[in-house]
Every structure is written in structure tokens, then in C-alpha cells.
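**Q** The structure under discussion is supplied below as C-alpha cells; questions concerning it will follow.
The values are calculated or read from the model by the stated rules, or taken from the named source; none is laboratory data. Because the structure is predicted, anything quoted here is derived from the model rather than measured. Counting neighbours? That spans all protein chains shown, and the Cβs are built from the backbone with ideal geometry, glycine included.
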Amino acid sequence: MRGEVEWRSARLRETRDLTADIRLFALEAAGPFVPPAPGSHVQVAVTIGERADVRSYSIVGPCSDGLYRIAVKLLPDSRGGSAYMWGLKPGANLSVSTPRNHFELTRGRPHYLLLAGGIGITPIYTMALALAEAGADMRLLYGCRSAADLAFGDELRARLGDRLRTVVDGSGEKLDLPAEIARMPAGGELLVCGPIGLLEAAKRAWAASGRPVGELRFETFGSSGRYASEPFTVSIPRLGRTIEVPRNRTMLDTLEAAGIEVVSDCRRGECGLCALRILDTAGIVDHRDVFFSEAQKASNAKLCACVSRMAGGSITVDVAARG
């Protein structure tokens, strides 16, 4: 596990819309301020209907004024966390954790290539500012569906100049990842955050380049997949249960709400603790984790219940299978 979480009461000081569906929240936490390192995140206690839950959000910027800033994208397939956050008004009270970091920025590399897709810019933005401040050799590639979706675009252009390249899908622009990786000097590090498709493309290009695996670093978020979220059913023969998983809820959340215990930790598709053995499927398994390899995903032997789901249809699993 990843250690105890230290919770503090906090107040929402202000909000600012960065794009039509990305909002910046400035949070003032009680107690001594804990400066966040680049790549850090805070956990926020949210309420989904009448159910208490937790969401993780990357900390944006250096927070030199003592406020933690997070950017939240309002998602159409939201499990409820983003809708809850967008419903908060300045002055609202909430609970947040002290900063935690599973996506640390290493120092002293000869070069850094930063790659962000969509809302994945949140940790990458902070890393880019820190590297620019340190005078490091770096470049940032930032992809979005449209120019209107480029959160922090103006700030990044002002700080990075020609070290920033934006790639807008709607304008027909394409990113040649193998070529970008080939430009990197030996010992350079690639840091990636974005949807699962972007991460998989980066991992394939990195593997093909022959560079050391440890010099590719990435973070993901569990809302992304190859297919749009749809309701599906999950059956557990050992328990004689069949349960409907709604479009906006994960399999793990749904099983827990039904009283079925599943061991879990990260709830982001990274640690693999919630992996369930697949017995049968009727439909397509949308693997949204970064724990299993491509070959393991293709075998459809297991899936991470915290993020992965069916693209419609049904799945039969064994919740007792561990190991």
C-alpha cells in the first residue's frame, strides 16, 4: 500500500475557468503549508449522491502563495467527482490530503521531453515550469482536440517559447512520436500524462527506440479508454450474483456498493491489486489500466476493476482469484 493519507480541512478560495470544461480551483488548507514537488497531487473528499468518495487531482503550478491549485475537467462520463467539484462555490468547505507524489520529476537529466494530452497537462505544466526555471534542456509536446482546449497555452508559450509545440487534432496536425524520441540525446527522459491511447503510443515508440525502460515515466487517469463508457453486467458465479455496472461508475465501485469485497489501492489502474480473473465475456474488454502489458491485455485473462470495463455486453469474473 502507499501509506496513510493525512487529511486536512480546506476552503475553496476561488475558481477560474481555463477552457469551456476545465476549471481551476484554489484551495486553502488548514495547518502548516506543505510545498508540493512537481508531479504531486492531492486527494479530495467528494460526495457522489449520498456516498462519500475520494478523487485525486494533480497540483498545478508552484503554489508559491500557499494555495493548492487543481484543474478539474467536467467529463460527460463522469463518475460524479468532476460534477461535484464544479458544483462548489468559493467559500465552500472540503477535506483534502497533504500532497503525495507518484510521478516525481528526477533532476540532472541531459534532456527532458514532456508529452501531455488533454487534461494530462496538469502535472506536465508544473514540471515544465520547474525545468524552465532550472534552465534544463527540455521540450513540451501538448496535444488537444481543438485550440480552445489548450489550458495554460498562453502561460506556456510565454515561459517556453519555441520549446513548446502544440498539436491540435481538429487542425489536422499529427505527432510523429518516433521522430520526436529520436531527437532526444542519450540519457534523456520522456515524461507522459494523458489518455490511455497516448500512453500506449508512447510506450510502443519508446520500446521501438531501444532506449532504457526506466527513462520513460508516465501517469494516467482512469476515465480514458478506447471506447465510450456504456452500462454492462458483471457476473460472479461463485457468489451467484449478477450486477449492472452503470455508465458513470466503475466496476470496483459497483461491486463494493453491492457488498462484494475487492482488494484495491490506487484506484487508477496502476498497482494491479484489484485485478480480477476473467472467466467469460460477451463483448469487448476495454482495458484502461497501465499495469498489464499489451500481451496480457490481449489475452483477456484479467482486468483491473478500478478502471477497465466492457464496451457494452457482459463479463464473468471470479473475485476470489488473487496472485
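**Q** Surrounded by fewer than 19 Cβ atoms within 10 Å (Cβ to Cβ), of a type outside the set (Asp, Glu), in a loop (DSSP other than H, G, I, E, B) and within 23 Å of the chain's Cα centre (by Cα): is that true of residue 226 in this structure?
**A** So residue 226 passes the test.
**Q** A further question on this structure: Quick check on residue 58: is it under 25 Å from residue 153 (Cα atoms) and either assigned by TED's automatic domain parsing to the domain that holds residue 186 or out of contact with any strand residue (DSSP E or B) (no Cβ under 9 Å at 6 or more places or on another chain) (or both)?
**A** When the stated conditions are applied, residue 58 does not pass them.
**Q** How about region 28-53: which of its residues are without any contact (Cβ under 8 Å) to a residue 40 or more places away in the chain, loosely packed, with under 15 Cβ neighbours inside 10 Å and in a strand (DSSP E or B)?
**A** Answer for region 28-53, where residues must be without any contact (Cβ under 8 Å) to a residue 40 or more places away in the chain, loosely packed, with under 15 Cβ neighbours inside 10 Å and in a strand (DSSP E or B): 47, 52.
**Q** Just the residues that are among the basic types (Lys, Arg) and at pLDDT 90 or above, please, taken from region 222-272.
**A** Hits for region 222-272 are 238, 241.
**Q** Condition check: closer than 30 Å to residue 118 by Cα and surrounded by fewer than 18 Cβ atoms within 10 Å (Cβ to Cβ). Does residue 247 satisfy that?
**A** In short, yes.
**Q** If I filter region 161-175 down to residues being within 23 Å of the chain's Cα centre (by Cα) and in a loop (DSSP other than H, G, I, E, B), which single residue comes out as surrounded by the fewest Cβ atoms within 10 Å (Cβ to Cβ)?
**A** Across region 161-175, the extreme among qualifying residues is 174.
**Q** Let me ask you something else. Condition first: buried (at least 17 other Cβ atoms within 10 Å of the Cβ), out of contact with any Pro (no Cβ under 9 Å at 6 or more places or on another chain) and assigned to a strand (DSSP E or B). Now tell me which residues in region 12-27 satisfy that.
**A** The answer is 22, 23, 24, 25, 27.
**Q** What number of residues within region 185-219 satisfy the criterion of being within 20 Å of residue 125 (Cα to Cα) and more than 22 Å from the chain's Cα centre (by Cα)?
**A** Count: 1.
**Q** Could you tell me whether any residue of region 238-249 is of a type outside the set (Val, Ile, Thr), touching a residue at least 24 places away in the same chain (Cβ under 8 Å) and not in a loop (DSSP other than H, G, I, E, B)?
**A** Taking every residue of region 238-249 in turn, at least one turns out to be of a type outside the set (Val, Ile, Thr), touching a residue at least 24 places away in the same chain (Cβ under 8 Å) and not in a loop (DSSP other than H, G, I, E, B).
**Q** May I pose another question? Looking only at residues that are among the β-branched types (Val, Ile, Thr) and part of a loop (DSSP other than H, G, I, E, B) in region 250-270, which one is surrounded by the fewest Cβ atoms within 10 Å (Cβ to Cβ)?
**A** Residue satisfying both the conditions and the ranking: 263.
**Q** Assuming residue 320 fulfils every condition listed in (1) outside any loop (DSSP other than H, G, I, E, B); (2) in contact (Cβ under 8 Å) with a residue 24 or more places away in the chain; (3) over 30 Å from residue 57 (Cβ atoms) apart from one, which condition is it?
**A** So residue 320 meets the others, but not (1).
**Q** Only residues in region 200-211 that are part of a helix (DSSP H, G or I) count as the first member; pair them with residues that are among the small types (Gly, Ala, Ser), Cβ under 7 angstrom, at least 6 apart or cross-chain, and list the lot.
**A** So the pair list comes out as 209/182.
**Q** Looking at (1) at pLDDT 95 or above; (2) buried (at least 18 other Cβ atoms within 10 Å of the Cβ); (3) among the acidic types (Asp, Glu), which is the only condition residue 219 fails?
**A** Unmet for residue 219, out of (1) at pLDDT 95 or above; (2) buried (at least 18 other Cβ atoms within 10 Å of the Cβ); (3) among the acidic types (Asp, Glu): (1).
**Q** If I go through region 247-284 residue by residue, how many of them are of a type in the set (S, T, N, Q) and touching a Cys at 6+ places or on another chain (Cβ under 9 Å)?
**A** Here the count works out to 2.
**Q** Of all residues being more than 19 Å from the chain's Cα centre (by Cα) and among the hydroxyl-bearing types (Ser, Thr, Tyr) in region 271-312, which is surrounded by the most Cβ atoms within 10 Å (Cβ to Cβ)? Just the residue, please.
**A** Result: 281.
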